[in-house]
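Enquirer: This structure is in structure tokens; I'll ask about it shortly.
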Amino acid sequence: MTFTVTRRTFLASSAAAAGTLALGRPGRALAADALPIAFVYTGPIGDMGYTYAHDVGRKAVEAHYGDKVKVTFVENVPEGPDCERVIRQLATSGNQLIFATSFGFMESTLKVAGQFPKIKFEHATGFKRAPNLAIYNARFYEGRAVLGDIAGQMSKAGVAGYVASFPIPEVVMGINAFTLAAQKHNPNFKTKVIWANTWYDPGKESDAAKALIDKGCDIIAQHTDSAAPLQVAESRGVYAFGQATDMTSYAPKAHLTAVVDLWANYYIDRVKKVMEGTWTNSDIWWGFKEGLVGLAPFNPAMPAPVKASAEKLKADITSGAVHPFTGPIKNQKGEVVYAAGQKASDEDMLKMNWYVAGVES
Amino acid sequence: MIALSIVNISAAVISASTPLLFAATGELVVERAGVLNLGVEGMMLMGAVTGFAVTVSTGSPILGILAAATAGAALALAFALLTLTLMANQVATGLALTIFGIGLSALLGSGFVGQPVPALPKLHLSGLSDLPVLGPILFGQDALVYLSVCLTAATAWFLKRTHAGMTLRAIGESAESAHSLGLPVIRTRYLATLFGGAAAGLGGAFLSLSYTPMWMEGMTSGRGWIALALVVFGSWRPWRVLAGAYLFGGVTILQLHAQGAFHLPAQVFSMLPYLATIAVLTIISAGPWRGRFNAPADLGKPFRPSV
């Protein structure tokens, strides 16, 4: 214990001395010892959603490397000036690799990364890089396309309700991918969207789900973080999809599946690269193929053909045979945005701010 | 179909309003006694987690509800000890109480995340509950909804009609004068603070047992702060607080239903509950009721009895 404290103090002072002590090959220097790593979360690890999923990745790193790593995490860090203080604190206390897991940490991470050029930083879902700042994101829309494929077959009314958070490209992309996939089975399929204008407010999310069911939706999807919409679906006897993790326990009958965030492999790989000294400031957007996005187990109530169709779509997206945004795609006004066979580029998707025909928002 | 929608929307409005009504009614009594407890959010969360944990562990929602009220009161007792006995600043202590409640409830509830609990049963009053439309709205709710309205009525009666209620109000207006008349200032303020904590705890229990029957960290999502605002909105009167809670709950639900029907940005709808509240407040303060904002004169002022 004492040794750890001494070493941390040593590293902190050497980092504060801004490189007067050579930390040129930290991976090598620490190989015999534990590599200090830190995670910064915006929510509580008990949210059962986004932050929980990152924390599963953090635990996987610990399980994989054992005492070769020394992992710290800070939860409930607000996206604002406070996060800069937290990230800087983690840097001065000797961490060699710091994961900032929320979009709103972007500017602060960039700033602190500039002040600690020897330390490696990683920022999730953002778009600003630096020589020692890598960025990573997941293709959640691939999973949402599979949910749409299921919804198109399971919905009798042909109308899905979508409890949405904020109209940012990430969410818009998900709504569109979901609707397009459902329309492959039912060309008249509609998605009604209600904006809760929050990532996390169980009461409001549940009210939104109730309103959608009252409007005639018989299947509920969500892009907010609590399991409340699923509970509403369960009590009202309609199907629904979970968010970020397997939420079956909240709604055993209603929960068909969920898009699951699987950060573990990425985190393990990045730690390995730091240990080997091969880390670069990469920019990745991974999906099914790389195992960053997955699906929760299918509900046994799903008929075999629906399961088979969902599994086939997942396999086709994984192999690259199918791209969820392949033309013909029309917008809400009926104008053709992508001609038959044309695929949306990554750049297009990352700034998507329009809805496909069939979305009612 | 329209009747069904009205029933469903009304049920949603009642659910959205009830936790606010509990917490705001409790805080109203606290403030009428001259104490400002900003820890409502923390006390609601303690009530939510305790109510959920006890219901899951014992299988009895009644025990869960009692435990929630006790947990809210226990946190309020800490506040009372600090501010009434040790004379700590009420604003700072109340804010600390909220932060403490958020943390403690997360710690206590960590083992209960993801566990299911059956929602509180809806009471069925034979005859009344079977009336078309009105039956399911007025007579098909769970016990806590009725309790919240009864609590409002009881509070109104207590403050206006009983000796103890008048004592409480006198203490909130001028603790010095009340003390010189021999009224028990500190004891009354203790009891009022404990009542406020218990009511906030019940509001929390309604969230975790009825509204969204589950436990998740921070699940009150700011409702404690809205309850505090409702007390001002209701100008420290129980029935106005009830009207405010239902207005706020009503606009919150209706804006969700209005989305998509009108071609306005969703953010505009999200602003509606707050805009409506400000609008009503402005109308009340400009109209013939002007000057009847009866904020207790000694609200938030510490009192040290002169011996």
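Enquirer: Over the alpha-carbon set of the protein assembly as shown, divide Rg by the Kirkwood Rh and report the Rg/Rh ratio to two decimals.
Expert: Ratio of gyration radius to Kirkwood radius for the protein assembly as shown: 1.01.
Enquirer: Helix-only mean residue ellipticity at 222 nm, chain B, DSSP H runs n ≥ 4 weighted -39,500 (n - 2.57), per residue, nearest 500. What is it?
Expert: After summing the helix terms and dividing by residue count, I get -22500 deg cm²/dmol.
Enquirer: Something else about it: What FRET efficiency would be calculated for the residue pair B:Arg304, B:Lys122, taking the C-beta separation as r and a Förster radius of 41 Å, to the nearest 0.05?
Expert: Between B:Arg304 and B:Lys122 the formula returns 0.25.
Enquirer: Further, regarding this structure: Most exposed first by the Cβ proxy, i.e. fewest other Cβ within 10 Å, how do A:Val163, A:Val77 rank?
Expert: A:Val77, A:Val163
Enquirer: Another question, then. Under 10 Å, Cα contacts only: if you run a Gaussian network model on chain B, which one of B:Thr85, B:Thr98, B:Thr70 comes out with the highest mean-square fluctuation?
Expert: Highest fluctuation among the options: B:Thr85.
Enquirer: Can you divide the C-alpha Rg of segment A:65-185 by 2.2 N^0.38 Å and report the result to two decimal places?
Expert: In units of the 2.2 N^0.38 Å rule of thumb, it is 1.41.
Enquirer: In addition: Taking the Kirkwood radius as the inverse of the mean 1/r across Cα pairs, report the Rg/Rh of segment A:279-323.
Expert: 1.13
Enquirer: Order these peptides, B:105-114, A:318-327, by their mean beta-carbon neighbour count within 10 angstrom, highest first.
Expert: My ranking of the peptides, most packed first, is B:105-114, A:318-327.
Enquirer: How large is Rg over Rh for segment A:203-326, taking Rg from the Cα atoms and Rh as the Kirkwood inverse mean of 1/r across Cα pairs?
Expert: Rg/Rh for segment A:203-326 comes to 1.07.
Enquirer: If you don't mind, another one. When a/c reaches 1.5 or more, the comparison of a/b and b/c decides; with that in mind, is segment A:165-265 rounded, prolate or oblate per its Cα gyration tensor?
Expert: Because its axes are fairly even, with a/c under 1.5, segment A:165-265 counts as rounded.
Enquirer: Taking amide H positions as placed 1.01 Å from N in the peptide plane, with prolines and chain starts having none, which residues 5 or more places from A:Glu360, or on another chain, fall under 5 Å of its amide H?
Expert: The list, which skips near neighbours in sequence, is A:Thr191, A:Lys192, A:Val193.
Enquirer: If you don't mind, there's one more thing I want to ask. Express the relative contact order of chain B as a whole percentage, based on alpha carbon pairs under 8 Å and six or more residues apart in sequence.
Expert: That works out to 36 percent.
Enquirer: Taking each residue of A:242-255 in turn, how many C-beta atoms of other protein chains fall within 10 Å of its C-beta, and what is the average?
Expert: 1
Enquirer: Hey, if you drop one equal point scatterer on each alpha-carbon of segment B:86-136 and run the Debye formula without solvent, what base-10 log of I(q)/I(0) do you get at q = 0.16, 0.25 Å⁻¹?
Expert: -0.70, -0.97
Enquirer: Taking the number of other C-beta atoms within 10 Å as the exposure measure, put A:Phe99, A:Phe73 in order starting with the fewest.
Expert: Result, fewest neighbours first: A:Phe73, A:Phe99.
Enquirer: List the trypsin sites (Lys or Arg not before Pro) within segment A:87-156 that fall in a DSSP loop (any state other than H, G, I, E or B) and whose Cβ has at most 11 other Cβ atoms within 10 Å.
Expert: A:Lys156
Enquirer: Take the Cα pairs of segment A:227-287, get the Kirkwood Rh, then feed it into Stokes-Einstein at 37 °C and 0.692 mPa s and tell me D in µm²/s.
Expert: The diffusion coefficient I find is 237 µm²/s.
Enquirer: Taking each residue of B:257-269 in turn, how many C-beta atoms of other protein chains fall within 10 Å of its C-beta, and what is the average?
Expert: 4
Enquirer: Using θ = phi - 60° and the Karplus curve 6.51 cos²θ - 1.76 cosθ + 1.60, what whole-Hz ³J(HN,Hα) does each residue of segment B:24-34 get, with Gly and Pro shown as x?
Expert: Using θ = phi - 60°, the values come out as 6, 5, x, 5, 4, 5, 4, 6, 5, 7, x Hz.
Enquirer: In addition: Rounded if a/c is under 1.5, else prolate if a/b is larger than b/c, else oblate: which is segment B:199-262, with a ≥ b ≥ c the root eigenvalues of its Cα gyration tensor?
Expert: It comes out oblate by the Cα gyration axes.
Enquirer: Near the amide H of A:Phe73, under 5 Å away, which other amide H atoms are found, from residues 5 or more places off or on another chain, if H is placed in the peptide plane?
Expert: Here the answer is A:Phe39, since their amide H atoms fall under 5 Å of that of A:Phe73.
Enquirer: Expressed as a whole percent, how much of the Cα-Cα distance distribution for chain A exceeds 39 Å?
Expert: 21 percent
Enquirer: Under 29 Å from the Cα of A:Lys330, which lysines turn up, not counting those fewer than eight places away in the same chain?
Expert: Partners found: A:Lys156, A:Lys184, A:Lys190, A:Lys192, A:Lys215, A:Lys289, A:Lys307, A:Lys312, A:Lys314, A:Lys343, A:Lys351.
Enquirer: Restricting things to alpha carbons, tell me how big segment B:105-185 is in terms of Rg and Dmax, in Å.
Expert: 21.1, 57
Enquirer: Quick one: which residues, 5+ away or cross-chain, put their amide H under 5 Å from the amide H of A:Leu133? H built at 1.01 Å from N.
Expert: So A:Leu133 has HN proximity to A:Phe121.
Enquirer: Starting from the Cα of B:Gln267, step 7 Å along the direction of its Cβ; do the same at A:Thr326; then give the gap between the two resulting points in nm.
Expert: 3.7 nm
Enquirer: Can I ask one more? Quick check: convex hull over the Cα atoms of segment A:277-361, volume per residue in Å³, rounded to an integer?
Expert: Convex hull volume per residue, Cα atoms: 171 Å³.
Taken together, the values in this text are just the output of simple stated rules run on the coordinates, not laboratory data. As the structure is a computational prediction, the values presented were derived from the model and not from experiment. Ideal geometry is used to build each Cβ from the backbone, glycine not excepted, and the neighbour counts take in all protein chains shown.
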